[in-house]
Amino acid sequence: METKENQTSITRFILLGLGNNTELWPFLFSLFLVIYLVTIFGNLIIILLVANDQQLHTPMYFFLGNLSCLETFYSSTILPKMLNSLFTGDRTITVNACLSQYYFFGCCVAIETFLLAAMSYDRYLAICRPLLYASVMNKKLCFQLIAGAWLNGLIANSIVVFLVIQFSFCGPNVIDHYFCDLNPLEKLSCSDTSLLKIIVFLLTFIFTLAPFFLTVSSYICIISSIIRIQSTIGRKKAFSTCSSHLTVVCLFYGTIIIVYMLPDTPNLRQLNKIFSIFYTILTPLANPLIYTLRNTEIHKASRRVQSKLSPFF
């Protein structure tokens, strides 16, 4: 019989990353470094604009500011370790660091699903129930939705990580991915994972399927309401208020559904990694780009802030 010491002898995992072609590593490092810097800078700009411009103190931009804050944490959970591996060639990660990375990644995903659902509900009220919007989407409800999203995401992933910490890892220690996800950790464990599977199934329904169906149903109502608007200008104006958010929703949910519905086979594993890049790395990048390029209110707020700062420069 194996001793407990033998079962828990693994202290480090090896993240295989995006491949073994070392000639591509300098290019990938440069690419992901630019993506990381643009993501952080873009999201910080949105946070500062929403915080400092009085005209953006509305529910829509309150949610957007929280989403930008979340995306900053999200990209910082995965990209720094990935960049370090590409730069130094060191692809090892301690078990504790791996679990910490998964915890923060899981929290960000859970919180984002609730945030996207809250933002879609906000757009539903604004377009489909405009007379009720001001009374329903008040400051109290906004803070309750945001607090619920952050607290529930943190608590739910604390439960999952608490269960994973109890696992024994007795080899192998290779994770064929560029970050620590739950499925590879579960496969590397030599402990009974049946309880974890049940908990994860329940949490997936609460934190992924329920917000997803709420978001989809909100946009079905929104699109049907926009179609009924007789004025072409009215239709364009109504759609412009939710098109940016709809783009982010499609990018996030579209790729995350593909990744977790694809069978985990060696032939599809590289494809799985490519799709994972979309919701772990490109979605935080797309958020500031989409909202800053397509949102006229953000443009106006940016000009107002520039005019305030111009005397100091």
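The values are calculated or read from the model by the stated rules, or taken from the named source; none is laboratory data. Everything quoted here is computed from the prediction, not taken from an experiment. Ideal geometry is used to build each Cβ from the backbone, glycine not excepted, and the neighbour counts take in all protein chains shown. Note: accessible area is taken over every heavy atom of the protein model, side chains too, but ligands, DNA and RNA are not part of it. Shrake-Rupley method; radii C 1.70, N 1.55, O 1.52, S 1.80 Å.
Cβ-Cβ distances below 9 Å connect the following pairs, each with a first residue in segment 275-291 that is more than 15 Å from Thr113 (Cα to Cα), a second residue that is surrounded by fewer than 23 Cβ atoms within 10 Å (Cβ to Cβ) and acidic (Asp, Glu), and a separation of six or more residues or different chains: Ser276/Asp181. Against the test of being among the β-branched types (Val, Ile, Thr) and either in contact with a strand residue (DSSP E or B) (Cβ under 6 Å, 6 or more places away or on another chain) or surrounded by 15 or more Cβ atoms within 10 Å (Cβ to Cβ) (or both), the options Ile198, Ile257, Ile277 yield a single qualifying residue, Ile277. Considering only residues in segment 110-137 that are touching a residue at least 24 places away in the same chain (Cβ under 8 Å) and open to solvent by 20 Å² or more (accessible area, probe 1.4 Å), the one that is nearest to Asn152 (Cα to Cα) turns out to be Phe114. Scanning segment 201-224 turns up at least one residue that is surrounded by 13 or more Cβ atoms within 10 Å (Cβ to Cβ), under 16 Å from the mean Cα position of the chain (by Cα) and of a type in the set (Phe, Trp, Tyr).
Checking each residue in segment 11-51 for being among the polar types (S, T, N, Q) and part of a loop (DSSP other than H, G, I, E, B) picks out Thr11, Asn20, Asn21.
Those residues that are open to solvent by 20 Å² or more (accessible area, probe 1.4 Å) and either touching a residue at least 60 places away in the same chain (Cβ under 8 Å) or small (Gly, Ala, Ser) (or both), I need them from segment 59-74; list them, please.
Residues satisfying the conditions are Pro59, Met60, Phe62, Asn66, Thr72.
Here Ala149 passes the criteria (1) open to solvent by 60 Å² or more (accessible area, probe 1.4 Å); (2) at pLDDT 90 or above except the one numbered (1). Of the residues Leu28, Leu56, the single one that is more than 16 Å from the chain's Cα centre (by Cα) and over 27 Å from Leu182 (Cα atoms) is Leu56. Looking across segment 151-163, the residues that are within 30 Å of Tyr121 (Cβ to Cβ) and free of Cβ contacts under 8 Å to residues at least 40 places away in the same chain come down to Leu151, Ile155. Residues of segment 214-239 that are more than 17 Å from Ala117 (Cβ to Cβ) and either outside any helix (DSSP H, G or I) or without any contact (Cβ under 8 Å) to a residue 12 or more places away in the chain (or both): Ser224, Ile227, Arg228, Ile229, Gln230, Ser231, Thr232, Ile233, Gly234, Arg235, Lys236, Lys237. State yes or no: is Thr208 modelled with pLDDT under 90 and more than 22 Å from Tyr103 (Cα to Cα)? Taking the combined requirement at face value, the residue does not satisfy it.
Looking across segment 164-192 at every residue that is touching a residue at least 24 places away in the same chain (Cβ under 8 Å) and more than 27 Å from Ser85 (Cβ to Cβ), the one that is surrounded by the fewest Cβ atoms within 10 Å (Cβ to Cβ) is identified as Gln166. Only one of the numbered conditions (1) over 13 Å from the mean Cα position of the chain (by Cα); (2) closer than 25 Å to Leu251 by Cα is violated by Asn66, and that is (1). Of the residues making up segment 75-98, those that are among the β-branched types (Val, Ile, Thr), part of a helix (DSSP H, G or I) and either more than 22 Å from Tyr279 (Cα to Cα) or open to solvent by 30 Å² or more (accessible area, probe 1.4 Å) (or both) are Thr88, Val95.
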